[in-house]
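Participant: Dropping the structure in here first, questions after.
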Amino acid sequence: MGRISPLLTVDYWQTDGPGWPPRSDEVELLWLPLIGPTALATLRRLDALLADGPTLVRLDDLGESLGLRSHATGLRSVVRAVERLIAFDLAQVRSDARLLVRTPIPLLSARQRRALPPGLRELPPDCPSVRALALAHRRDARLRQLAATLHSLGATRAEIETRLARQGFPPGAVERALTYSPGSHLTSTATAAASRLQSP
């Protein structure tokens, strides 16, 4: 990729296939962990600027409008953000100083979904929502509490795992509950301490 001009004509890059508008909640939920906050803010602002059609954008002005205050550092930051959008195939820069913003923003590939935090990986790939994420967080908190309670009653890790799975909880959520619950941590700590005491 060549040097990006500080003055660009911005337009849409229309593509086929399923996806979401650049400023949608779905894009914020799923793409933010992959491209980062500056690239996402740049994508959203460019989409807003295109509301009335193709437009001329100075990247230093764009950076300043996003809170990247210094002229030099702001320009570098927004250029890096544009480069990141290009790297993820969410934008293109043409040789005639045109920046094309992809729309719709595509669904994540299987590889991209594997890079998401565990809670986001379990959201429906085609219709995630803030509500679904909140429900997943509440479910995970309940699972951690159940795992800790069962451990305090003397259940082993295998027994806890079996009981939670029988109640219909997703395997990934059960594994996280066992990994992060206080009881699981105490069990692993106690085992390690016992091993140290038994070693010569």
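Participant: With the calculation restricted to Cα positions, what are the radius of gyration and Dmax of region 35-142 in angstrom?
Facilitator: Calculated on Cα positions, Rg and Dmax stand at 16.6, 55 Å.
Participant: For every other residue with a beta carbon closer than 15 angstrom to the beta carbon of L32, add +1 if it is Lys or Arg and -1 if Asp or Glu, then tell me the sum.
Facilitator: In short, +2.
Participant: May I ask what percent, to the nearest 5, of DSSP beta bridges between residues of the chain are antiparallel?
Facilitator: 60
Participant: Which cross-chain or sequence-distant (5 or more) residues have an amide H under 5 Å from the amide H of I105, H modelled 1.01 Å from N in plane?
Facilitator: Excluding prolines and chain starts, which carry no amide H, the hits are W20.
Participant: In Å, the Kirkwood hydrodynamic radius of the chain over pairs of distinct alpha carbons?
Facilitator: 20.0
Participant: Springs between alpha-carbon pairs under 10 angstrom, Gaussian network model over the chain: which of A91, A81, A134 fluctuates most?
Facilitator: A134
Participant: Counting other Cβ atoms within 10 Å, which trypsin sites (Lys or Arg not before Pro) in region 42-77 have at most 16 and lie in a DSSP loop?
Facilitator: Sites meeting the loop and neighbour criteria: R69.
Values in this text are rule-based calculations from the coordinates and carry no lab data. Computed from a prediction, not measured in an experiment: that's the story for all the values here. Virtual Cβ from ideal backbone geometry, glycine too; neighbours counted across all protein chains shown.
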